[in-house]
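Reading through the structure tokens given below for one structure.
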Amino acid sequence: MQRSRPLDTVIDFTPTSAPAPIDVHVGHTPLKYRPYTQRHLDEIPQIRQLRAEDRLAMKAVAAVLPFRTNAYVVEELIDWTTVPDDPIFRLVFPQPGMLAPSDLDTMMDLLRCNASVAEIEQAAHAIRMRLNPHPAGQMDLNVPWLQGRPLHGLQHKYAETVLFFPSHGQTCHAYCTYCFRWAQFIGDPDLKMVSRESEALQNYLLEHPEVTDVLITGGDPMIMKAEHLARYIEPLLDPRLSSLHTIRIGTKSVAYWPYRYCSDDDATQILRLFAQVEKAGKQLAIMAHYSHPRELEPPIAVEAIRRIRETGAIIRTQAPLIRGVNDASEIWADLWRSVLNKGVIPYYMFVERNTGPKNYFEVSLDRACDIFRDAYNRVSGLARTVRGPSMSTTPGKVTIDGVAEIGGEKVFVLHFIQARDPAWVQHPFFARFDPEATWLTDLKPAFGKPRFFFEEDMDRIKQQALQRWAQYNVN
Ligand code: SF4
């Protein structure tokens, strides 16, 4: 691993409306962004050292699930002396166990016999369709409507928050192997949710004053050039949108490509844009995805955080709990301490979602509770802003509070942090303890109840959504 290369660059940099230019010691010789995709696997010197059979397995997985990384992740974040166990290696490079053994064999055989692109794609598509590409009703329940038409590229699941998927932000600087949005990266237009219409977003918000937050997400919106991002953000600063308080940007760029805020050609414009949001009286919240404390070690990663915070933006961190990457309480305690030391707020520990290679990365709910509790116990009260372990399910965000014995029955205690129906929030409910359960749908209600308290309402919500789509499709 080659980290913390000698410092020799001073950039003259004016990030915000600050009165004087700020000379900042960047921490590295700036890297040029160099992505590696499936086609470039053999070009990565460290990968060429692996056994031919391992490389073939990697390519077989990458033919089904998206793969992309970059020179910074390869050179600065992965400790190649510990591969294949290195957590960042597992975070970005295809792992053979991500496919079922029979699917892996099929794909490897096709590659071995130089099958045609069409044959490979057909087999890959069949596998993808078995991997629940759009969990939690993204394609039907969450799509908002404006003047009788669905607004693709937007999601409105919780009353206060609208998600916006800008068409220019549908890739990432590197892809996480466990990504729950993997279906957006595989080039199938039916599986893509994009919008070129920031105007439609603005019109929708004008009709929905209950929305206080817009989350710009992807992929990773920070893959966009500053001028593209500005085209999406500036309409949100319109004084008519006075009920919109916070613009959130969901991004892993601070971990995967911190140069975005330090030495990319348009880094200055990006930071000015962030400062502009604050100037317009809105809050900018960077929802930074950090999976492991290693991502905060390089000086350039620390510098990126410093520059973002200097614009007035707040950074909150979130990530799923992933087997083989961060499934230990000390990793999470280190992560939360490390971000807190840099002025960043720990926000969520998620449970791996029920899509893609979930079986390979999942951790049982029981174990997730233990890891969360043990990590939470080790950090100061200031880091206990973090919530979890939390599942983003079809009805809402469900946190597992713990395991208890009530009336002689061992149960999971759960509650909604966010829900399709706000009345469900903070309402404790109980599920029969199941040591194997990994998702809400694995759980059964406790105390002999036939259904969870929200299920009847959820059926009604689904029914209404289906009727609306049926009516629209007829017209
Ligand atoms: S950064 Fe986020 S959207 Fe991109 S691959 Fe990772 S989890 Fe998925």
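The values are calculated or read from the model by the stated rules, or taken from the named source; none is laboratory data. None of the values given here were measured: they were computed from a predicted structure. Note that we place each Cβ from the backbone using ideal geometry, even for glycine, and neighbour counts take in every protein chain shown.
Details
- Residue under evaluation GLY388, criteria (1) in a loop (DSSP other than H, G, I, E, B); (2) buried (at least 22 other Cβ atoms within 10 Å of the Cβ); (3) touching a strand residue (DSSP E or B) at 6+ places or on another chain (Cβ under 6 Å), criterion not met: (1)
- All conditions but one from (1) farther than 23 Å from PRO150 by Cα; (2) within 12 Å of the ligand (Cβ to nearest atom); (3) surrounded by 22 or more Cβ atoms within 10 Å (Cβ to Cβ) apply to LEU229; the one that does not is (2).
- Hey, ASP238 over 21 Å from the mean Cα position of the chain (by Cα) and touching a residue at least 24 places away in the same chain (Cβ under 8 Å) or not: yes
- Residue pairs meeting the criteria (Cβ under 8 Å; at least 6 apart or on separate chains; first over 24 Å from GLY356 (Cβ atoms), in segment 427-442; second in a loop (DSSP other than H, G, I, E, B) and of a type in the set (Lys, Arg)): ALA431/LYS444; ARG432/LYS444
- Filter result for ASP140 (in the same structural domain as PRO235 (by TED's automatic domain parsing) and of a type in the set (Asp, Glu)): yes
- Those residues of segment 247-274 which are part of a loop (DSSP other than H, G, I, E, B) and either surrounded by 20 or more Cβ atoms within 10 Å (Cβ to Cβ) or in contact (Cβ under 8 Å) with a residue 40 or more places away in the chain (or both), in sequence order: LYS252, TRP257, CYS262, SER263, ASP264, ASP266
- When the strands (runs of 3 or more DSSP E) confined to segment 22-122 are screened for residues that are without any contact (Cβ under 8 Å) to a residue 60 or more places away in the chain and surrounded by 20 or more Cβ atoms within 10 Å (Cβ to Cβ), those reaching at least 1 such residues are found at 35-37.
- Among (1) at pLDDT 95 or above; (2) away from the ligand (no atom under 16 Å from the Cβ); (3) part of a helix (DSSP H, G or I) - the single one VAL211 does not satisfy: (3)
Residues are listed down the side, and each one gets a yes or a no for (1) within 23 Å of the chain's Cα centre (by Cα); (2) farther than 22 Å from MET349 by Cβ:
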site	(1), (2)
TYR261	yes, yes
ILE270	yes, yes
GLN276	no, yes
LEU284	yes, yes
SER291	yes, no
ARG294	yes, no
PRO299	no, yes
GLU303	yes, yes
ARG306	yes, yes
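- The listed residues are THR268, THR317, and the only one of them that is farther than 19 Å from ASN70 by Cβ, more than 15 Å from the ligand (Cβ to nearest atom) and modelled with pLDDT of 95 or more turns out to be THR268.
- Scanning segment 276-299 for any residue that is touching a Lys or Arg at 6+ places or on another chain (Cβ under 8 Å), over 18 Å from SER253 (Cα atoms) and either among the aliphatic types (A, V, I, L, M) or assigned to a strand (DSSP E or B) (or both) turns up nothing.
- Among the residues of segment 169-188, those identified as among the hydrophobic types (A, V, I, L, M, F, W, C) and near the ligand (Cβ under 8 Å from one of its atoms) are CYS172, ALA174, CYS176, CYS179, PHE180, TRP182, PHE185.
- Only one entry of ALA437, ALA404, ALA431, ALA375 meets the criterion of being of a type outside the set (Lys, Arg) and assigned to a helix (DSSP H, G or I), and that entry is ALA375.
- Residue within segment 387-407 that is more than 23 Å from the chain's Cα centre (by Cα) and basic (Lys, Arg) present: no
- Scanning segment 392-416 for residues that are among the basic types (Lys, Arg) and buried (at least 20 other Cβ atoms within 10 Å of the Cβ) returns a single hit, LYS397.
- The set of residues from segment 275-313 being surrounded by fewer than 19 Cβ atoms within 10 Å (Cβ to Cβ) and closer than 24 Å to TYR175 by Cα comprises GLU297, PRO299, VAL302.
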